[in-house]
Amino acid sequence: MHLDDDWPRIRAHFRGLPACSIATVDADGSPRVTPIGSLFLRGDGTGFFLERFTSALPANLDRDPRLCVMAVRTGTWTWLRALARGSFREYPAMRLHGIAGPRREAHAEEIARFARKVRLATPLRGHRAMWRGFSHARDLTFERAEGVNLGPMTAALGSA
């Protein structure tokens, strides 16, 4: 995948997913994967996420800002259609490799964007505990994108 040419397709893949995973490296060199439900990709090939419940992620990114974000489409119909066809029409998972900026105060429009994403859960008991009180964010710059290869099921999509 080419980051610039495929950016609209990449954004479409990430849009609407409830969460993705961000991989970083712990101080001892071991990998750490963190689920993030507040990642947003901008139109210019960058992104941001709101930082709240993470504990190791901020320390890891402050020490080494490199990261890999992976988003997997897990919908039953997506997989059943692909299994029936014998192939995927789009990658079922994508990775973005990049660099995180320093922790900063979140902008009001970023918090509002996240609030719109989770608005359907507003009447539920867990909404306030999970999705209120975001105040910090990190900007992301991406250097490389790749579709996740699933052998013959993704062969027609090209190499990744």
For the list (1) loosely packed, with under 15 Cβ neighbours inside 10 Å; (2) touching a Leu at 6+ places or on another chain (Cβ under 8 Å); (3) of a type outside the set (Val, Ile, Thr), I need the number of the one condition that residue 38 fails.
(1)
Please work out which one of (1) more than 21 Å from residue 146 (Cβ to Cβ); (2) surrounded by fewer than 17 Cβ atoms within 10 Å (Cβ to Cβ); (3) in contact with a Pro (Cβ under 9 Å, 6 or more places away or on another chain) is the condition residue 51 fails and give its number.
(2)
Pull out all pairs, ordered by first then second residue, where Cβ-Cβ is under 6 Å, the residues are six or more apart or on different chains, the first lies in the stretch 10-31 and is at negative phi and in contact (Cβ under 8 Å) with a residue 40 or more places away in the chain, and the second is open to solvent by less than 50 Å² (accessible area, probe 1.4 Å) and in a loop (DSSP other than H, G, I, E, B).
25/64
Select from the stretch 10-35 the residues that are more than 17 Å from residue 137 (Cβ to Cβ) and either surrounded by 15 or more Cβ atoms within 10 Å (Cβ to Cβ) or touching an Asp or Glu at 6+ places or on another chain (Cβ under 7 Å) (or both) and list them in ascending order.
10, 11, 13, 21, 23, 25, 32
Selection count where residues are closer than 18 Å to residue 151 by Cα, open to solvent by 50 Å² or more (accessible area, probe 1.4 Å) and among the aromatic types (Phe, Trp, Tyr), scope the stretch 69-110
1
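The values are calculated or read from the model by the stated rules, or taken from the named source; none is laboratory data. What you are looking at is a predicted structure, and each value in this text was computed from that prediction instead of being measured. All Cβ positions, glycine included, derive from the backbone under ideal geometry; neighbour counts span all protein chains shown. In case anyone asks, the SASA skips ligands and DNA or RNA and just uses the protein heavy atoms, side chains included. Shrake-Rupley method; radii C 1.70, N 1.55, O 1.52, S 1.80 Å.
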